[in-house]
Structures are given as C-alpha cells and as structure tokens.
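Down below is the structure, laid out as structure tokens.
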C-alpha cells in the first residue's frame with residue numbers, strides 16, 4: 001500500500017537532508033502512527049506521499065502507483081486515493097456541514113444524486129448525523145475536525161493521512177477524533193497518523209514509526225513510549 005525505499009529529500013546542501021534514506025512499508029488497512037520532534041521530517045514525509053514534493057533520491061510506491069512514473073496530469077487522480085486531514089480544519093466558513101463535505105465530491109464532478117446519497121452516510125460514520133445544516137462557527141473544535149475527516153473520506157480514499165488532527169483540541173474532543181479514525185480504519189482504510197500526544201500514542205497500542213533528524217530510529221508495535 002505504501003512503500004518508501006531509501007528515500008532522501010534535501011532542500012539545500014547547507015541544511016542537510018530533511019529525510020535521509022528512510023525505508024517504510026505500510027500494509028493495506030494498517031493504522032500507523034508517525035512520531036518525532038519538530039524538524040524530525042514528519043511534514044516532509046507527508047508532502048512526499050501527497051506528491052507536493054519529489055524525493056531527491058529513492059523510490060516511492062503508493063497503492064501500486066510508482067511515483068517515478070507518475071505524470072503531472074495524473075497527480076489529481078493520485079490525490080483522490082489519499083485523504084488528508086490537517087490540524088487547522090480548513091473548512092469553508094460560508095458553507096454548512098453538508099456543503100463542506102459535498103464540495104469534495106463537486107470538485108470531481110459527482111452527480112447531485114451521488115452527493116445526496118453519499119454525504120449523509122459519511123456524516124453518520126463521523127458521528128455528525130443531525131448537524132448537516134450547522135455552520136462551522138456553530139460547531140466545537142472536535143466537531144469541525146470530524147467534518148474535515150468526513151470531507152477527506154467522502155471520495156473513499158484507500159489511505160487517510162491525519163497530520164496532527166488533535167493538536168488544537170482538548171482531551172475529550174481529541175479522543176472523539178481518534179475514535180473516528182479507528183472506525184474508518186476498521187472499514188478498511190489505511191490510516192497514517194502524526195501526533196505529539198504521548199497519551200494517544202500509548203493508549204492506541206498501534207505500530208509506531210519514530211523519526212529523528214530525518215531518519216527512522218525505530219519502527220515497532222507500541223509499548224510505553226516517550227516522544
């Protein structure tokens with residue numbers, strides 16, 4: 001599903017590599033947590049996976065797509081296979097919950113019938129049934145993040161990247177979001193989660209890939225962990 005083979009990314013020779021010959025293999029339907037201090041290389045890793053950046057060297061294959069052979073015109077198709085959720089929600093303030101999620105389908109030319117059928121199902125998955133007409137400013141932070149997750153999965157991506165999705169949330173709403181990510185994973189979506197939250201890492205008991213100075217320093221099933 002996700003394969004990085006000796007991937008290096010260097011932005012400038014003076015700074016040294018942001019990622020240094022990292023190799024990671026994520027199976028379909030896995031739930032993997034990526035941890036590391038600021039500057040460890042997490043953001044660069046995610047930008048490589050979504051093809052916002054190209055590696056300096058090494059090979060990346062996602063869902064059978066070899067990034068070496070990926071043409072620029074095919075990048076939108078790739079990104080339909082990868083849902084991304086950010087720390088800061090990025091909701092459209094002038095659209096309600098239903099419209100925010102529907103917008104992702106409108107962008108790919110989905111019919112009104114498909115939108116009408118699909119959006120309620122996805123809102124149910126993220127536990128927002130009954131909130132369809134609420135505007136973003138009427139929601140809690142956790143609810144807004146779950147709208148963002150719904151928007152990310154409405155096109156049924158094979159992979160969901162959640163980049164610090166609980167970073168702006170209190171503990172209760174953070175766990176609401178994590179439980180939704182676990183539910184999505186149970187439905188068969190591969191989940192890649194980055195977080196600084198030690199409690200979340202330790203309680204989830206999932207595989208943890210730890211980055212430091214652009215290198216993978218550990219990759220293991222989780223036991224008590226310090227970031």
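The values are calculated or read from the model by the stated rules, or taken from the named source; none is laboratory data. Being a predicted model, the structure only gives us computed values, none of them experimental. Every residue, glycine among them, receives a Cβ derived from its backbone with ideal geometry; neighbour counts consider all protein chains shown.
A few points about this structure:
- Residue 159 satisfies every condition listed in (1) in contact (Cβ under 8 Å) with a residue 60 or more places away in the chain; (2) surrounded by fewer than 22 Cβ atoms within 10 Å (Cβ to Cβ); (3) touching a helix residue (DSSP H, G or I) at 6+ places or on another chain (Cβ under 7 Å) except (3).
- Residue in the range 81-93 that is exposed (fewer than 14 other Cβ atoms within 10 Å of the Cβ) and free of Cβ contacts under 8 Å to residues at least 40 places away in the same chain present: no
- Residue in the range 126-142 that is farthest from the chain's Cα centre (by Cα), counting only those that are touching a residue at least 24 places away in the same chain (Cβ under 8 Å) and outside any loop (DSSP other than H, G, I, E, B): 137
- Of the candidates 6, 21, the single residue that is loosely packed, with under 13 Cβ neighbours inside 10 Å and either out of contact with any helix residue (DSSP H, G or I) (no Cβ under 6 Å at 6 or more places or on another chain) or modelled with pLDDT under 95 (or both) is 6.
- Scanning the range 165-184 for residues that are buried (at least 19 other Cβ atoms within 10 Å of the Cβ) and not in a helix (DSSP H, G or I) gives 165, 166, 169.
- Selection status of residue 154, in contact with a helix residue (DSSP H, G or I) (Cβ under 8 Å, 6 or more places away or on another chain) and free of Cβ contacts under 8 Å to residues at least 60 places away in the same chain: yes
Residue-wise test of (1) within 15 Å of residue 3 (Cβ to Cβ); (2) crowded, with 17+ Cβ neighbours inside 10 Å; (3) modelled with pLDDT of 95 or more; (4) touching a strand residue (DSSP E or B) at 6+ places or on another chain (Cβ under 8 Å).
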{"site": "46", "(1), (2), (3), (4)": "no, yes, no, yes"}
{"site": "52", "(1), (2), (3), (4)": "no, no, no, no"}
{"site": "55", "(1), (2), (3), (4)": "yes, yes, yes, yes"}
{"site": "68", "(1), (2), (3), (4)": "yes, no, no, yes"}
{"site": "73", "(1), (2), (3), (4)": "no, no, no, no"}
{"site": "98", "(1), (2), (3), (4)": "no, yes, yes, no"}
{"site": "108", "(1), (2), (3), (4)": "no, no, no, no"}
{"site": "113", "(1), (2), (3), (4)": "no, no, yes, no"}
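- Single match in 147, 126, 191, 119 (criterion: under 22 Å from residue 49 (Cα atoms) and either at pLDDT below 95 or in contact with a helix residue (DSSP H, G or I) (Cβ under 8 Å, 6 or more places away or on another chain) (or both)): 191
- Selected residue [in a loop (DSSP other than H, G, I, E, B) and at pLDDT below 95] from 155, 220: 155
- From 61, 33, residue being touching a helix residue (DSSP H, G or I) at 6+ places or on another chain (Cβ under 9 Å), within 29 Å of residue 127 (Cβ to Cβ) and surrounded by 13 or more Cβ atoms within 10 Å (Cβ to Cβ): 33
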